[in-house]
Structures are given as structure tokens and as C-alpha cells.
1. Condition first: assigned to a helix (DSSP H, G or I), in contact (Cβ under 8 Å) with a residue 12 or more places away in the chain and in contact with a helix residue (DSSP H, G or I) (Cβ under 7 Å, 6 or more places away or on another chain). Can you find one or more residues in region 27-44 that meet it?
2. Evaluate the following for Thr54: is it assigned to a loop (DSSP other than H, G, I, E, B) and either β-branched (Val, Ile, Thr) or modelled with pLDDT of 75 or more (or both)?
3. Which of the residues that make up region 47-83 are surrounded by 11 or more Cβ atoms within 10 Å (Cβ to Cβ) and hydroxyl-bearing (Ser, Thr, Tyr)?
4. For region 66-75, check the following and say yes or no: at least one residue is more than 16 Å from the chain's Cα centre (by Cα) and at pLDDT 85 or above.
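The values are calculated or read from the model by the stated rules, or taken from the named source; none is laboratory data. Everything quoted here is computed from the prediction, not taken from an experiment. Note that we place each Cβ from the backbone using ideal geometry, even for glycine, and neighbour counts take in every protein chain shown.
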Amino acid sequence: MQFGKGKVAVTTTVVCAVAVTATAVVVVRHRMKNSGKWAKDMEILKEFEDKCGTPVSKLWQVAGAMMVEMHAALLTVVVNSRC
């Protein structure tokens, strides 16, 4: 199976973007965990979980869903502004 130069370039770009993003996530997470802020943030989440009875995993799920919706909304705004 032969790939055109354009497909190879796009594939390479996507793979590089994924690698850079993954590296950035690891670096940011490492810095957050090493700072005192991470422990404080987790303490706040744990306190919230205890008070409202919602597991932290569910809170992360809700936050992730909100992030997806916000990104979709921003993408819609960008696409509509180009028309």
C-alpha cells in the first residue's frame, strides 16, 4: 500500500503532535504533584467528596465531560467565525 507524500506528512504531524501533547501532560502533572498545590487540590476534592457523597472518580468524569463540551463550543465559535 502506497501513501502519498501528503498523507505521510499529515500522519507524521499528527504523531508528533500527540507525542508533544503527551510529554506536556506528563511534565505538567509532575510539576503539579511536586508543588504543594497538588496536595491542597486533592484535599479540597476529598473534602467535597465527603460532604456531598460524590466519589472523586465521578467528579473527574463530570469535569472531563465539561471540558469536552467547552472545547466543542469553542470549536464551533472558531468555525463559525471563519464563514
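1. No, every residue in region 27-44 fails to be assigned to a helix (DSSP H, G or I), in contact (Cβ under 8 Å) with a residue 12 or more places away in the chain and in contact with a helix residue (DSSP H, G or I) (Cβ under 7 Å, 6 or more places away or on another chain).
2. Details: assigned to a loop (DSSP other than H, G, I, E, B): yes; either β-branched (Val, Ile, Thr) or modelled with pLDDT of 75 or more (or both): yes.
The answer is yes for Thr54.
3. The answer is Thr54, and nothing else.
4. Initially, region 66-75 is screened for residues more than 16 Å from the chain's Cα centre (by Cα), giving none.
No.
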